[in-house]
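Below is one structure; the comments refer to it alone.
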Amino acid sequence: MKKIFYCPEESNFYSNCIENFVFRKCEDSPYIVEFGSGDGSPVINSLLRNRFDGVVHGFELNSHAWKVANSTIDEYHLNTKYIIDNSCLFASTQPEAEYLVANPPYLPAPDNDIYMPLLFGGIDGAEITNQLLSLGYDHVLLLVSSYSNPKSTIEHAKTNDYYVSNFTVAPLKFGYYSSEPKVKQHIEEMRNNDIAFYSGDYYYLAGVLFSKKTKSEVDLSKELTQILTGM
Ligand SMILES: C[S@@+](CC[C@H](N)C(=O)[O-])C[C@H]1O[C@@H](n2cnc3c(N)ncnc32)[C@H](O)[C@@H]1O
């Protein structure tokens, strides 16, 4: 099990965000791209709970996780709704889609020699998140952690013409991966530099829907920044 990302609290939160911000919002038969499907449970659970006529096209580098995801997809006969490639989205031809969704790797650390290297989010934890906001999708649903330089992500989104169209926040306890001494120590140093925010054993995880700017929309960037940096 340690070969596959396992944090039910976080995966369930992500699953709820997919339902509320994407499945129940998009019209027609949308095509959704997912970065880092893991064992597939967040999307599978959302598909089982909702009537959704589109297709989710996932990308997962970890072949153990990819196999588990595919066997669950088979079990629930979801093969026409959820397709996962065992490859990296960045290295693939970008599928055309309106929505990109991800619970991305966001662990900050000095390097990727950590319990699960595929959870490494670059030195400040925001690298992959910010890369996902550079691919040009109209709507990007991402989990953003308060200890992974969240201000840089909100700024990066703005630079790439996104506004925060909706978000929800949950306090999460530092878990197995973020409590690894090398990671936790690095996060502590980041806090001293005002780029990581947490309180005691808890940090905030936000599910954020970034959308490309249109004139009339209300941008919630300020409110999101206040919450994520206010711990
Ligand atoms: C935080 S986990 C989320 C897993 C799952 N979506 C969930 O919420 O339970 C991030 C996932 O991204 C995968 N990943 C990391 N880098 C990747 C890449 N370049 N391409 C595809 N998947 C990647 C990891 O293997 C891991 O399964």
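Each reported figure results from applying straightforward, stated rules to the coordinates on display, with no laboratory input. As the structure is a prediction and not an experimental result, all values here were calculated from the model. Neighbour counts run over all protein chains shown; Cβ positions are idealised from the backbone, glycine included.
With unit charges on the beta carbons (Lys and Arg positive, Asp and Glu negative) and the dipole taken about the Cα centre of the range 8-228, which residue among Phe59, Ala69, Asn193 sits farthest to the positive side?
Farthest towards the positive end: Asn193.
Given the options Thr80, Val183, Ser216, identify the residue whose Cα lies farthest towards the positive end of the charge dipole of the range 8-228 (+1 on Cβ of Lys, Arg; -1 on Cβ of Asp, Glu).
Ser216
Run the dipole for the chain about the Cα centre, Lys and Arg Cβ at +1, Asp and Glu Cβ at -1, nothing else charged, and hand back the magnitude in debye, nearest 20.
Here the chain has a charge dipole of around 300 debye.
What list of ³J(HN,Hα) couplings, whole Hz, do you get for the range 189-196 from phi and the Karplus terms 6.51, -1.76, 1.60, once you set θ to phi - 60° and write x for glycine and proline?
5, 5, 5, 5, 9, 6, 10, 9
Checking the table Lys2/Lys67; Lys184/Lys213; Lys81/Lys173; Lys67/Lys158 against a 25 Å threshold on Cα-Cα, which pairs fail?
Beyond 25 Å between Cα atoms: Lys184/Lys213; Lys81/Lys173; Lys67/Lys158.
Just how far, in whole angstrom, is the range 108-167 from the range 210-231 if you go by their alpha carbon centroids?
Taking the Cα centre of the range 108-167 as reference, the centre of the range 210-231 is 15 Å away.
I'd like the antiparallel share, as a percent to the nearest 5, of DSSP beta bridges with both residues in the chain.
50
Between beta-carbons, use under 15 Å as the cut-off and find the net charge around Ser92, counting Lys and Arg +1, Asp and Glu -1.
That works out to -4.
Distance in nm between label sites at Glu217 and Leu48, each 7 Å beyond Cα in the beta-carbon direction?
Going from the Glu217 label point to the Leu48 one covers 3.2 nm.
Net charge within 15 Å of Leu47 by Cβ-Cβ distance, Lys/Arg positive one each and Asp/Glu negative one each, not counting Leu47 itself?
-2
Could you go through the range 74-86 in sequence order and give the Karplus-derived ³J(HN,Hα) for each residue, using 6.51 cos²θ - 1.76 cosθ + 1.60 with θ = phi - 60°, rounded to whole Hz, and x for Gly and Pro?
4, 4, 9, 6, 9, 4, 8, 9, 9, 10, 10, 9, 8
In straight Cα distance, which aspartates and glutamates are under 16 Å from Lys3, not counting same-chain residues fewer than 8 positions off?
Asp39, Glu60, Asp113, Glu180
What is the sum of charges around Cys26, taking Lys and Arg as +1, Asp and Glu as -1, for the other residues whose C-beta is under 11 Å from the C-beta of Cys26?
Values: positive: Arg24, Lys25; negative: Glu27, Asp28, Asp53, Glu98, Asp138.
So the environment of Cys26 carries a net charge of -3.
Would the range 8-228 count as rounded, prolate or oblate if I go by the C-alpha gyration tensor, calling it rounded below 1.5 in a/c and otherwise prolate when a/b exceeds b/c, oblate otherwise?
Oblate shape, in that a/c is at least 1.5 and b/c is the bigger or equal ratio.
Which value at 222 nm does the chain reach when only helices count, each DSSP H run of 4 or more adding -39,500 (n - 2.57), with the total divided by all residues and rounded to the nearest 500 deg cm²/dmol?
-9000 deg cm²/dmol
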